[in-house]
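Asks: Please see the structure below; I have some questions.
The values are calculated or read from the model by the stated rules, or taken from the named source; none is laboratory data. Keep in mind the model is a prediction, meaning the values are calculated, not measured. With ideal geometry, Cβ positions are generated from the backbone for all residues, glycine too; neighbour counts draw on all protein chains shown. With ligands, DNA and RNA removed, areas are computed over all heavy atoms of the protein, side chains included. Shrake-Rupley method; radii C 1.70, N 1.55, O 1.52, S 1.80 Å.
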Amino acid sequence: MRARGQTAVGTPERAAFPANVLERIDRLLHRIGVRLLSQSWIRALVWLSMIAVLVVNASTMPAMYGAVVAIAIVVAVLHAATLVWALGRPWFAVGAATVAVAATTLLTAMGHGDRPWPMPVITIVTCALMVFILAVREKWLLPVAGAVLPVVAATFAALPWHTGGWGRFATNVITAISVCALVVVFGILIHQWQQSRAELLKQQEIAATAQERRLLMEERNRIARELHDVVAHGLSVISIQASTLQYRIEDVPAEVVAELDDITDSARSALVEMRGLLAVLRQEDGENLLAPQPTMSFVPTLIESTRRGAESVRLHVEGELDDPRVSEATSLSVYRIVQEALSNALRHAPGSDIEVSIAITPEHVFVEVLNSAPTASVRATEGHGFGLRGMHERASFVRGSLTAEPTPEGGFVVHAMLPCWLAGEPTDRQSEPDDGAPAPPSDIEG
């Protein structure tokens, strides 16, 4: 029983051992293959191989086959250069190899004797190297052509000069075509292996990206659900209560009815923006068309809607609110900063005087929202300073700066300086010198 139990426990370990070894060997071969087939390594190996076959071929033909030295060197250079041409000009390399092999056959025809002919050994090796380079880099047609055409050229070039038996001749030709065929098959297998590994890595990257997007969408949907359940529901309740109060309570003063209508409109506007935000959070990509975002030109409308909640609201503008020199991102940031600053002033300083100043220069947009000390009691709120943080993030997003601090008189001031365009952002505006004489401000008083 003990021996049987030991066998049962030890079998998975012995089965896993060769699997781990094979996995490590496959990983090592892949690493070596990637390095050897990379651009830098393969060029270095090709140049070293070219020099080696050039030296051997240039010395072998005159010494062993009695070829003319000058012609042998030229043919050897041409044949060795096919290794380098195989990297960038594959068809030219195949043609040059065919010519070089035929020339080698003719040069060695008179003095080959009992030596390998019509293709000397170094010629076969050079053709095999060229075919291998083509096989691991190109489609199958090129290496097959590189293997067949030189052998065919050598065979036809040797036929008029062949006088002995056909045994050695046929053996040499069959050996050459067999070596080249073996190299072609081996190179194509390596090429397919590399393509399979590259496709596997690509699929893994696609799967990882899809997983990351799925997790992102889950988080965005969770945030959207929380916003819908908490904020949107609260705004809907406010809108319904404010719009039905005059019907639920008799003799409501006209001023209160007007104020309730304003509250209803503000709640409905906030709901519209909330729905847009929820749509952005729930969409899977950013290619969908979105509703136009508010810009600086909407600030006067914002002031008009805010005036009823304060004793006095003034808007000072230097320049044009729809100035084309101001980017959309900066214009949206200006609107959001003013919107949040006004909301903070109404919430934390009821009854105060509010002044909003916007100055547009060729390079920057300056925003200042100043409110005086409150004249009514301030109700306690449960805020945690997210409004100020949001204004700082808005300014930082467009590479601007923002300061928010209390004033000595008991009020509060928000000052922001935002660039008209982000660094590197294309502009079509002309540079205009700032002569220090801005346009007269336009005031909107409440």
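Asks: Somewhere in region 211-226, is a residue of a type in the set (Val, Ile, Thr), assigned to a helix (DSSP H, G or I) and within 22 Å of the chain's Cα centre (by Cα)?
Replies: Within region 211-226 (the criterion being of a type in the set (Val, Ile, Thr), assigned to a helix (DSSP H, G or I) and within 22 Å of the chain's Cα centre (by Cα)), the answer is no, since none of the residues qualifies.
Asks: Going residue by residue through region 111-129, is there one that turns out to be within 25 Å of ILE190 (Cα to Cα) and in contact with a Leu (Cβ under 7 Å, 6 or more places away or on another chain)?
Replies: yes
Asks: Kindly evaluate ALA100 against the criterion of being in contact with a Leu (Cβ under 6 Å, 6 or more places away or on another chain), of a type outside the set (Asp, Glu) and surrounded by 20 or more Cβ atoms within 10 Å (Cβ to Cβ).
Replies: Details: in contact with a Leu (Cβ under 6 Å, 6 or more places away or on another chain): yes; of a type outside the set (Asp, Glu): yes; surrounded by 20 or more Cβ atoms within 10 Å (Cβ to Cβ): yes.
When the stated conditions are applied, ALA100 passes them.
Asks: Pairs please, first residue from region 386-410 and over 17 Å from SER327 (Cβ atoms) and in contact (Cβ under 8 Å) with a residue 12 or more places away in the chain, second anywhere and open to solvent by less than 90 Å² (accessible area, probe 1.4 Å) and among the aromatic types (Phe, Trp, Tyr), Cβ atoms under 9 Å, 6+ apart in sequence or on different chains.
Replies: Matching pairs, first to second residue: ALA404/PHE412.
Condition check ((1) at pLDDT 90 or above; (2) acidic (Asp, Glu); (3) open to solvent by 40 Å² or more (accessible area, probe 1.4 Å); (4) within 21 Å of LEU48 (Cβ to Cβ)) across all residues:
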{"site": "GLY113", "(1), (2), (3), (4)": "no, no, yes, no"}
{"site": "PRO116", "(1), (2), (3), (4)": "no, no, yes, no"}
{"site": "MET130", "(1), (2), (3), (4)": "yes, no, no, yes"}
{"site": "LEU141", "(1), (2), (3), (4)": "yes, no, yes, no"}
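Asks: Consider only pairs whose beta carbons are under 7 Å apart and that are at least six residues apart or on different chains; among these, list those whose first residue lies in region 196-223 and is surrounded by 11 or more Cβ atoms within 10 Å (Cβ to Cβ) and whose second residue is among the hydrophobic types (A, V, I, L, M, F, W, C).
Replies: Close Cβ pairs (under 7 Å, with a partner that is among the hydrophobic types (A, V, I, L, M, F, W, C)) amount to ARG220/LEU281; ILE223/LEU281.
Asks: I'd like to check something: does region 153-164 contain any residue that is farther than 23 Å from HIS112 by Cα, in contact with a helix residue (DSSP H, G or I) (Cβ under 6 Å, 6 or more places away or on another chain) and open to solvent by less than 50 Å² (accessible area, probe 1.4 Å)?
Replies: no
Asks: Do we find that LEU182 is surrounded by 11 or more Cβ atoms within 10 Å (Cβ to Cβ) and free of Cβ contacts under 8 Å to residues at least 24 places away in the same chain in this structure?
Replies: Criteria met by LEU182.
Asks: Okay, next question. Look at ALA380 and say whether it is farther than 19 Å from PHE298 by Cα, open to solvent by less than 90 Å² (accessible area, probe 1.4 Å) and modelled with pLDDT under 85.
Replies: So ALA380 does not fit the description; no.
Asks: Here is a further query. Scan region 139-148 and tell me whether some residue there is out of contact with any Cys (no Cβ under 8 Å at 6 or more places or on another chain) and not in a helix (DSSP H, G or I).
Replies: yes
Asks: Okay, next question. Out of the residues in region 406-446 that are more than 15 Å from VAL338 (Cα to Cα) and modelled with pLDDT of 85 or more, state the one that is surrounded by the fewest Cβ atoms within 10 Å (Cβ to Cβ).
Replies: The extreme case among them is PRO408.
Asks: Can you name the number of the only condition in (1) at pLDDT 90 or above; (2) hydrophobic (A, V, I, L, M, F, W, C); (3) out of contact with any Gly (no Cβ under 8 Å at 6 or more places or on another chain); (4) surrounded by 22 or more Cβ atoms within 10 Å (Cβ to Cβ) that LEU134 fails?
Replies: The single condition LEU134 does not satisfy is (3).
Asks: If you don't mind, there's one more thing I want to ask. State whether one or more residues within region 131-141 are of a type in the set (A, V, I, L, M) and in contact with a His (Cβ under 9 Å, 6 or more places away or on another chain). Walk me through how you get there before you give the answer.
Replies: Kept after step one, since they are of a type in the set (A, V, I, L, M), are these residues of region 131-141: 131, 133-136, 141.
Add one more test, that the residue is in contact with a His (Cβ under 9 Å, 6 or more places away or on another chain), and what stays is 135-136.
The answer is yes, given that some residue of region 131-141 is of a type in the set (A, V, I, L, M) and in contact with a His (Cβ under 9 Å, 6 or more places away or on another chain).
Asks: Okay, next question. If we keep just the residues of region 250-264 that are under 18 Å from ILE303 (Cα atoms) and among the acidic types (Asp, Glu), which is surrounded by the most Cβ atoms within 10 Å (Cβ to Cβ)?
Replies: Among them, the one singled out is ASP262.
Asks: Please count how many residues of region 334-369 are of a type outside the set (A, V, I, L, M), touching a strand residue (DSSP E or B) at 6+ places or on another chain (Cβ under 6 Å) and open to solvent by less than 30 Å² (accessible area, probe 1.4 Å).
Replies: 1
Asks: I'd like to check something: does region 249-258 contain any residue that is assigned to a helix (DSSP H, G or I) and under 30 Å from ALA154 (Cβ atoms)?
Replies: No, because not a single residue in region 249-258 is assigned to a helix (DSSP H, G or I) and under 30 Å from ALA154 (Cβ atoms).
Asks: Test of understanding: among GLU304, GLU320, which residue is closer than 25 Å to LEU260 by Cβ, at pLDDT 60 or above and among the charged types (D, E, K, R)?
Replies: The conditions single out GLU304.
Asks: Tell me, please, whether a residue that is within 17 Å of ALA72 (Cβ to Cβ) and under 55 Å from the mean Cα position of the chain (by Cα) can be found in region 155-167.
Replies: no
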